[in-house]
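K.L.:
For reference, the structure I am asking about is given below.
Read-outs throughout are calculated quantities, based only on the coordinates presented, and are distinct from any laboratory measurement. Bear in mind that the values here come from a model prediction, so they are computed numbers and not experimental data. For neighbour counting, all protein chains shown are included, and Cβ atoms are generated from backbone atoms with ideal geometry for every residue, glycine included.
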Amino acid sequence: MSDVEDAPAVPPFDAKGDVRFGYYLAGGLLVVLGWGLGVATNLLLHVMAPAGGYRIFQVGITGSLGPYAWATMGLGLFTGALGTALLLLARSAPQGPVVLPGYDY
């Protein structure tokens with residue numbers, strides 16, 4: 001007789017894989033989206049705007065930075081910094097074997 005409370009419903013899974021791939025992927029994506037799209041593209045669009053500005057769908061882009069542009073740039077700076085932290089974490093994480101999730105090695 002066994003007690004149901006003593007045994008987990010799902011046995012523990014230890015992939016023994018290399019977690020650095022996820023850190024590199026997530027960190028790189030956050031850097032590209034944050035600093036590339038949120039900061040660089042945002043500033044580039046505002047610098048290239050003509051005197052009267054222009055519209056992309058419902059967003060008006062002029063030569064000056066409005067509150068939405070500042071918020072986008074702030075979020076992009078934070079996202080890029082978070083991506084950099086993940087990339088640094090990936091460099092300090094121990095290397096493991098490359099395994100596919102769910103495959104029994």
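K.L.:
Roughly how many nanometres apart are two label points built 7 Å out from the Cα toward the Cβ at residue 9 and residue 65?
P.N.:
4.9
K.L.:
Another question, then. Compute the distance in nm between two label points, each set 7 Å from the Cα along the Cα-to-Cβ direction, one at residue 32 and one at residue 47.
P.N.:
2.2
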